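Below is one structure, written out as structure tokens, with a few remarks after it.
The values are calculated or read from the model by the stated rules, or taken from the named source; none is laboratory data. Remember, it's a predicted structure, so these values are computed and weren't measured experimentally. Methodologically, a virtual Cβ is constructed for each residue, glycine included, from the backbone with ideal geometry; neighbour enumeration extends over all protein chains shown. Ligands, DNA and RNA are excluded from the accessible area calculation, which covers all protein heavy atoms including side chains. Shrake-Rupley method; radii C 1.70, N 1.55, O 1.52, S 1.80 Å.
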Amino acid sequence: MSRKLQDHFFKDAKAAGYLARSAYKLLEIQQRHKIITPGMHVLDLGCSPGAWLQVACQALGPPHRKGCVIGIDLQEVKLPLRHCDGRVQALQMDAMQLTAADLRQAKAAAGQCSTLDRFHVVLSDMCHSTLGVAAADVARSLQLARCAASIAIGQSALEEDEDSQEDEGGLPEQGLLLPEGHLVAKLLQGEGSEELAKDMRKHFKKVAWMQPKATRSESREMYLVALGRKAM
Ligand SMILES: C[S@@+](CC[C@H](N)C(=O)[O-])C[C@H]1O[C@@H](n2cnc3c(N)ncnc32)[C@H](O)[C@@H]1O
């Protein structure tokens, strides 16, 4: 992305009350694929500072349509004052350590505990700060994307393809994503990314790559958009 375009997204985000220009990445994904609709339950992995929480909450529609957005981040998240309401909650924790009990508690705080333990959409914008060593950065981002996929569809679904994954302990075996649900996961394209897309094609009706305009053009950052989880 050119410096001019970067400035443009930054200024627009500020004017629109979004916490970061990353809001425009999810807005573009949402515009193209309509992944979040009113009343849905959304899990946002790597949610800090909170711009995706804002966009996801807006997509839920007015509060009477219900739904919730649960954010997870290693960093403390101050819930945004704008474009968010009581349906949004955030937990400071490692997504790799997530348990069903944590999520139930967050959903209870968002007023949704009794209705549904699982989610219609799992988003992951998780990333590490880059090391500057391309192969290592790609491998670390792939690990986070695989963690998101495993949270969404369950460890055992991924183990059909390989058996070297970590145990995501404490989450339902079939994953947190409802049938017909959607997964969006960021990763740096490189070794292993096509393999992940291939694995996802076994579990979703449609799998596409997207590089939203708000992503720097020199970046290898891409979003894997997996739509319509197949019946288990
Ligand atoms: C690019 S930021 C996300 C921006 C966010 N989507 C927004 O729009 O405000 C990436 C985030 O991933 C988080 N992260 C990285 N590894 C994580 C992990 N294992 N568990 C939870 N969060 C993680 C980082 O702390 C960081 O805040």
Distance cut-off 22 Å, percentage of C-alpha pairs in the chain lying past it: 49 percent
Highest mean first, what order results for 20-32, 123-135 on Cβ atoms within 10 Å? 20-32, 123-135
Taking the full set of protein chains and a 1.4 angstrom probe, give the accessible area of H64 in square angstrom, rounded to the nearest 10. 140 Å²
Any idea which of S124, P62, L144 is furthest toward the positive side of the dipole for the chain, if Lys and Arg beta-carbons carry +1 and Asp and Glu beta-carbons -1? P62
Looking only at A145, A108, A56, which one moves most when the chain is put into a Gaussian network model with springs between Cα atoms under 10 Å? A108
Above-threshold pairs, the threshold being 26 Å between Cα atoms, out of K186/K206; K25/K206; K14/K205; K66/K202: K14/K205; K66/K202
Given the options I29, P49, H8, identify the residue whose Cα lies farthest towards the positive end of the charge dipole of the chain (+1 on Cβ of Lys, Arg; -1 on Cβ of Asp, Glu). H8
Report the label-to-label distance for R216 and M93 in nanometres (one decimal), using points 7 Å from each Cα along the Cα→Cβ vector. 3.3 nm
Under a Cβ-only charge scheme (Lys and Arg +1, Asp and Glu -1), can you give me the dipole magnitude of the chain about the Cα centre, in debye to the nearest 20? 1400 debye
Charges at C-beta only: +1 for Lys and Arg, -1 for Asp and Glu. How large is the resulting dipole of region 41-119 about its Cα centre, in Debye rounded to 20? 360 debye
Beta bridges by DSSP in region 3-229, antiparallel share as percent, to the nearest 5: 40 percent
Normalising by the residue count of region 1-103, find the relative contact order in percent from Cα pairs under 8 Å and 6+ residues apart. 23 percent
Percent carbon-and-sulfur accessible area, the chain, ignoring ligands, DNA and RNA, probe 1.4 Å: 52 percent
Per DSSP helix of 4 or more residues, -39500 (n - 2.57); summed, then divided by the residues of the chain. What does that give at 222 nm, rounded to the nearest 500? -10500 deg cm²/dmol
So, taking all protein chains as they sit and a 1.4 Å probe, how much accessible area belongs to D137, in Å² rounded to tens? 20 Å²
